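First up is the structure itself, then whatever we jot down about it.
The values are calculated or read from the model by the stated rules, or taken from the named source; none is laboratory data. Keep in mind that what you see is a predicted model, and the values were worked out from it rather than measured. A quick note on method: Cβ atoms are made from the backbone with ideal geometry, for glycine too, and the neighbour counts reach across all protein chains shown.
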């Protein structure tokens, strides 16, 4: 049988994305290794050479592991599609369920089996990353018991939360006519918004403890900042991130009345009050410029296009055959179409990712500018340097790798932009 145009196009994008990833990763590793021996001039007073070299080693280790991940994920993608793995799985699940329990049960079972196989393949890779790479570089604080417990909770949540929305979408695909994709998109948007509301209240506490910020001086300072910026939140919370990792962070979570500010305990231990305020001001800058709202709108718009495309592809025989699957004759093909779409889309979207990275970096510059206006630019600069240093983020990334992948500007460009706005000099 001659390969179809879709088969050739898909194979071409898979190969092209694989080669591009390998090229970018090797460029990044080479660039970081070449600059490992000396701290960049802009950071010689703030970052000791041993910290710089530690960051280089951590970055290179992560890149090497990423190459293995890329190779395995590409092999899995080809195995599921062009080699016929999904077709084989479909026959096994269909024969075991369809004749006895009906179409929707078969489709849910197919999604579940596919997800379970992928999770089992990912488990050893995740374990290696946590207990080998993160452990080697002093970041991992998880025990095997905690790691297994987290995965058990994640699996349970996936079943409890994922199964109903998957069942609803599959039911709509089969019962709502040719415009099913519009109703399914509406269900997906409603589900996503609901998840944003319930996540900080019910889901996040299953994995971490969240306690109200007890530092009255810092709380007063943060409340003053929030008042100046015209922002309200449900509260300020400290998360025990140190029980899993030495990495530090802060973030906003929730939607509407559930919106809250969360600080990692590791962050509060490393930064001064002024630096914490500056980091929070940066996050407030995202809200001031409506970055969060814009990203939500863009995400929902792209998902609408995705559902519309899936609605068309699911009616095309060539979509199934071209990606290595024989469509069912006596059973629904909705779950098959959904899985094939999820498998086939990433190689095509990969080459669009630099566009999203660019807009994300632009948003970060705007948030930094806002933070410098609402708090101390010097404090923000010092906080960023501490976070780069303590999280072992490389100060010498490859420019092409940055343009393709980085959602945040590299340290040198970010601090230079802040200095241009506020004439900040870090001492």
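In this structure, is residue 79 surrounded by fewer than 18 Cβ atoms within 10 Å (Cβ to Cβ), in contact with a helix residue (DSSP H, G or I) (Cβ under 6 Å, 6 or more places away or on another chain), under 13 Å from residue 340 (Cα atoms) and modelled with pLDDT of 95 or more? Here the answer is yes, as residue 79 does meet what is asked.
Mind listing whichever residues of segment 131-146 are farther than 9 Å from residue 244 by Cβ and either free of Cβ contacts under 8 Å to residues at least 12 places away in the same chain or in a helix (DSSP H, G or I) (or both)? Hits for segment 131-146 are 131, 132, 133, 134, 135, 136, 143, 144, 145.
Scanning segment 341-357 for residues that are closer than 19 Å to residue 167 by Cβ and surrounded by 17 or more Cβ atoms within 10 Å (Cβ to Cβ) gives a single hit, 341. Annotation note: of 65, 114, 13, the sole residue that is touching a residue at least 12 places away in the same chain (Cβ under 8 Å), part of a helix (DSSP H, G or I) and under 30 Å from residue 168 (Cα atoms) is 114.
Does segment 235-242 include one or more residues that are crowded, with 19+ Cβ neighbours inside 10 Å and assigned to a helix (DSSP H, G or I)? Yes, the conditions are met somewhere in segment 235-242.
Within segment 289-307, can one find any residue that is under 30 Å from residue 92 (Cβ atoms) and at pLDDT 90 or above? Yes, because at least one residue in segment 289-307 is under 30 Å from residue 92 (Cβ atoms) and at pLDDT 90 or above. Where the second residue is assigned to a loop (DSSP other than H, G, I, E, B) and surrounded by fewer than 13 Cβ atoms within 10 Å (Cβ to Cβ) and the first is without any contact (Cβ under 8 Å) to a residue 12 or more places away in the chain and on the phi > 0 side of the Ramachandran plot and lies in segment 40-59, which pairs have Cβ atoms under 6 Å and are six or more apart or on separate chains? Listed pairs, sorted by first residue: none to list. Scanning segment 198-216 for residues that are surrounded by fewer than 16 Cβ atoms within 10 Å (Cβ to Cβ) and in a helix (DSSP H, G or I) turns up 198, 199, 201, 202, 203, 205, 206, 216. Filtered by the rule that a residue be over 18 Å from residue 179 (Cα atoms), surrounded by 16 or more Cβ atoms within 10 Å (Cβ to Cβ) and either touching a strand residue (DSSP E or B) at 6+ places or on another chain (Cβ under 8 Å) or touching a residue at least 40 places away in the same chain (Cβ under 8 Å) (or both), segment 322-340 gives 322, 323, 324, 325, 328, 331, 336, 339, 340.
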